[in-house]
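Some notes on the structure that comes next.
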Amino acid sequence: MHYGRRTNCSILLRPNTIGVTDSVLPCGVKLYVAYANSPQVLTQVIERRPVPPGRKFELTPKLAEKLGIDGVQKIRWVFAGSAHR
């Protein structure tokens with residue numbers, strides 16, 4: 001993560017930035033994400049670019065910390081305000 005730069009969604013990356021990178025969803029789309037028994041966290045797409053094969057999102061370090069994730073893990077997610085997956 002390169003703090004101090006802007007993503008292609010115009011978000012300034014800082015150590016406390018919470019967000020996800022996705023290759024398909026548009027910038028600013030709001031999502032609820034959760035891992036295991038963690039509470040849901042409201043976040044948004046802050047960057048659009050390819051993610052490694054077999055993955056849906058990449059999380060900022062701060063979001064991973066809030067969710068209690070270390071390494072590559074399967075998370076639950078829904079669009080904010082809907083039940084779609």
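Remark: the chain carries a charge dipole of roughly 120 debye about the Cα centre, counting +1 on each Lys and Arg Cβ and -1 on each Asp and Glu Cβ. Computed over neighbours whose Cβ is under 12 Å from that of residue 17, the net charge equals +3, Lys and Arg +1, Asp and Glu -1. The length gained on full extension between residue 10 and residue 76, counted as 0.36 nm times the residue separation minus their Cα-Cα distance, comes to 21.2 nm.
Taking the square roots of five times each eigenvalue of the Cα gyration tensor of the chain, the equivalent ellipsoid has semi-axes of 18, 15, 13 Å, listed largest first.
Excluding ligands, DNA and RNA, the accessible surface per residue across the chain is 63 Å² with a 1.4 Å probe.
Length gained on full extension, residue 32 to residue 49: 4.1 nm, using 0.36 nm per residue less the C-alpha separation.
Relative contact order for the chain: 32 percent, from Cα pairs under 8 Å spaced at least 6 residues apart, divided by residue count. Determine the share of the chain's accessible area contributed by carbon and sulfur atoms, expressed in whole percent, with a 1.4 angstrom probe. Carbon plus sulfur share of accessible area: 52 percent.
The values are calculated or read from the model by the stated rules, or taken from the named source; none is laboratory data. The shown structure was predicted, so the numbers you read here are calculated from the model rather than taken from an experiment. Counting neighbours? That spans all protein chains shown, and the Cβs are built from the backbone with ideal geometry, glycine included. Calculation scope for accessible area: heavy atoms of the full protein, side chains included, ligands and nucleic acids excluded. Shrake-Rupley method; radii C 1.70, N 1.55, O 1.52, S 1.80 Å.
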